[in-house]
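Asker: Have a look at this one.
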Amino acid sequence: MNDKMILLLGGVFALLAAASVVGFALSRRKPSETVTNLNARIKAWWAMVAVFALAFLVGKELTIALFALTSFWCLREFLSITPTRPEDHRAVAFAFYLFIPLQYWLIWDGWQSLFAILIPVWAFLLLPVLAVLKGETEDFMARTARIQWALMLCVFCVSHAPALLILHVPGFAGQNFLLLFFLITVVQLSDVLQYVFGKLFGRHKIAPRVSPAKTWEGLIGGGLAATAVGAGLWWITPFAPWQAALMALAIVLAGFAGGLVLSAVKRSLGAKDWGTMIEGHGGALDRMDSVSFAAPVFFHLTNYFFAA
């Protein structure tokens, strides 16, 4: 833990304290459903930020364990509302109890080459074999694809966030937690700011049947604001200010795409939220949908252009 991280965490807690005061004042002066939802989100953010701060303070091992548990819960939420059959249970068990721990152990061990192919290659090939051995062919392709895609989104994609800790960036040794902080801050601020701009100025919906709350005004206003914040955080990264802005923009666009795609999946399954784990936010996957797309994009851009 260095001075930069302590300063950043202090800033985040100060921002949450200010938001709590504003939310309390609004609830007294102008109570509404939107204000109630806002206050529920702020309370949930206190809990989530506290957990992440504890992980950052303790170190790499707890951070990786935290993301492993997050992947486990996201996969549980995904498969809980996705139709599966008894013939799929062996493949589902391998997804939970083999590939989640193995994926995160590879990150802990720093085995980057195998981390990058374990699920897209080995899990992709093994899971349909486990299912086909049961001898049931009805809806086989769709059943197998659901499990494969759930594992890719909830485990492989999300695991790219803590994998930032094992990148070797010249001149940045011992500071990789700041890359993870940059990613989480930009992607979550983008979600919040898109929500705020959409509520204040939203007129033109992007995909009303998929996500009625997402508007072009929210995307452009909130996305540009989050990009500006990312550019302002260049000093905690190995990037120049213009590079930090481009990285933040890539995170914003990828995160927006993740949220939209996962919303389409929910709607196709007849669900409003992935779960009820986090008050005001829905399930764990409702908070990680943007991260699931943004983390791999940010990881590989950083790896390609900046890592040794």
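The values are calculated or read from the model by the stated rules, or taken from the named source; none is laboratory data. Computed from a prediction, not measured in an experiment: that's the story for all the values here. Positions of Cβ are backbone-derived with ideal geometry, glycine not excepted, and every protein chain shown enters the neighbour counts. Only protein heavy atoms, including side chains, enter the accessible area calculation; ligands, DNA and RNA are left aside. Shrake-Rupley method; radii C 1.70, N 1.55, O 1.52, S 1.80 Å.
Asker: Would you confirm whether any residue within the range 227-241 is out of contact with any helix residue (DSSP H, G or I) (no Cβ under 6 Å at 6 or more places or on another chain), assigned to a helix (DSSP H, G or I), open to solvent by 10 Å² or more (accessible area, probe 1.4 Å) and within 19 Å of V169 (Cα to Cα)?
Answerer: Taking every residue of the range 227-241 in turn, at least one turns out to be out of contact with any helix residue (DSSP H, G or I) (no Cβ under 6 Å at 6 or more places or on another chain), assigned to a helix (DSSP H, G or I), open to solvent by 10 Å² or more (accessible area, probe 1.4 Å) and within 19 Å of V169 (Cα to Cα).
Asker: List pairs: first residue in the range 139-162 and over 16 Å from I117 (Cα atoms) and part of a helix (DSSP H, G or I), second residue open to solvent by 50 Å² or more (accessible area, probe 1.4 Å) and polar (S, T, N, Q) anywhere in the structure, Cβ distance under 8 angstrom, at least six positions apart or on different chains.
Answerer: R143/T84; R146/T84; I147/T84
Asker: Something else: How about the range 213-224: which of its residues are open to solvent by less than 30 Å² (accessible area, probe 1.4 Å) and among the small types (G, A, S)?
Answerer: G218, G221, G222, G223 - these are the residues of the range 213-224 that are open to solvent by less than 30 Å² (accessible area, probe 1.4 Å) and among the small types (G, A, S).
Asker: All but one of (1) among the small types (G, A, S); (2) open to solvent by 70 Å² or more (accessible area, probe 1.4 Å); (3) modelled with pLDDT of 95 or more hold for S80, so report the exception by its number.
Answerer: (3)
Asker: Another question, if that's okay. Mind checking which helices (runs of 4 or more DSSP H) fall wholly inside the range 56-110 and carry at least 3 residues that are closer than 24 Å to I184 by Cα and not β-branched (V, I, T)?
Answerer: Hits in the range 56-110: 60-80, 100-109.
Asker: Which residues, counting only those in the range 172-184, are open to solvent by 30 Å² or more (accessible area, probe 1.4 Å), outside any helix (DSSP H, G or I) and of a type in the set (A, V, I, L, M, F, W, C)?
Answerer: Residue satisfying the conditions is A173 alone.
Asker: Please state which of the following conditions L75 fails to meet, knowing it meets all the rest: (1) open to solvent by 40 Å² or more (accessible area, probe 1.4 Å); (2) more than 24 Å from L193 (Cβ to Cβ); (3) at pLDDT 80 or above.
Answerer: (1)
Asker: Which is open to solvent by 60 Å² or more (accessible area, probe 1.4 Å) and more than 30 Å from K272 (Cβ to Cβ), of W149, W105?
Answerer: None of the others qualify; the one that does is W105.
Asker: Here's another thing I want to ask about it. Could you please let me know if V291 is buried (at least 18 other Cβ atoms within 10 Å of the Cβ), at pLDDT 90 or above and within 30 Å of P83 (Cβ to Cβ)? Before the answer, list the steps.
Answerer: Values: buried (at least 18 other Cβ atoms within 10 Å of the Cβ): yes; at pLDDT 90 or above: yes; within 30 Å of P83 (Cβ to Cβ): yes.
Spelling it out, V291 is indeed buried (at least 18 other Cβ atoms within 10 Å of the Cβ), at pLDDT 90 or above and within 30 Å of P83 (Cβ to Cβ).
Asker: Looking at V210, V196, V261, V187, which one is open to solvent by 30 Å² or more (accessible area, probe 1.4 Å), out of contact with any Cys (no Cβ under 8 Å at 6 or more places or on another chain), β-branched (V, I, T) and under 23 Å from G11 (Cα atoms)? Lay out the reasoning, then the answer.
Answerer: Values: V210 fails: under 23 Å from G11 (Cα atoms); V261 fails: under 23 Å from G11 (Cα atoms); V187 fails: open to solvent by 30 Å² or more (accessible area, probe 1.4 Å).
Result: V196 is the single residue among V210, V196, V261, V187 that is open to solvent by 30 Å² or more (accessible area, probe 1.4 Å), out of contact with any Cys (no Cβ under 8 Å at 6 or more places or on another chain), β-branched (V, I, T) and under 23 Å from G11 (Cα atoms).
Asker: Search the range 19-34 for residues that are within 21 Å of A213 (Cβ to Cβ) and touching a residue at least 60 places away in the same chain (Cβ under 8 Å) and pair each with any residue that is open to solvent by 50 Å² or more (accessible area, probe 1.4 Å) and assigned to a helix (DSSP H, G or I) when their beta-carbon atoms are under 8 Å apart and the residues are at least 6 apart or on different chains.
Answerer: These pairs meet every condition: T34/K199.
Asker: One residue is enough: does the range 268-276 have a residue meeting the conditions modelled with pLDDT under 90, closer than 30 Å to L167 by Cβ and in contact with a strand residue (DSSP E or B) (Cβ under 8 Å, 6 or more places away or on another chain)? Let's see the steps before the verdict.
Answerer: Taking the range 268-276 as the starting set, the residues that turn out to be modelled with pLDDT under 90 are 268-276.
Applying the additional criterion that residues be closer than 30 Å to L167 by Cβ yields 274.
From what's left, in contact with a strand residue (DSSP E or B) (Cβ under 8 Å, 6 or more places away or on another chain): 274.
Scanning the range 268-276 turns up at least one residue that is modelled with pLDDT under 90, closer than 30 Å to L167 by Cβ and in contact with a strand residue (DSSP E or B) (Cβ under 8 Å, 6 or more places away or on another chain).
Asker: Of all residues being open to solvent by less than 80 Å² (accessible area, probe 1.4 Å) and not in a helix (DSSP H, G or I) in the range 1-36, which is modelled with the highest pLDDT? Just the residue, please.
Answerer: It comes out as S32.
Asker: A further question on this structure: What number of residues within the range 37-46 satisfy the criterion of being open to solvent by 50 Å² or more (accessible area, probe 1.4 Å), closer than 20 Å to L8 by Cα and touching an Asp or Glu at 6+ places or on another chain (Cβ under 9 Å)?
Answerer: Number of matching residues: 1.
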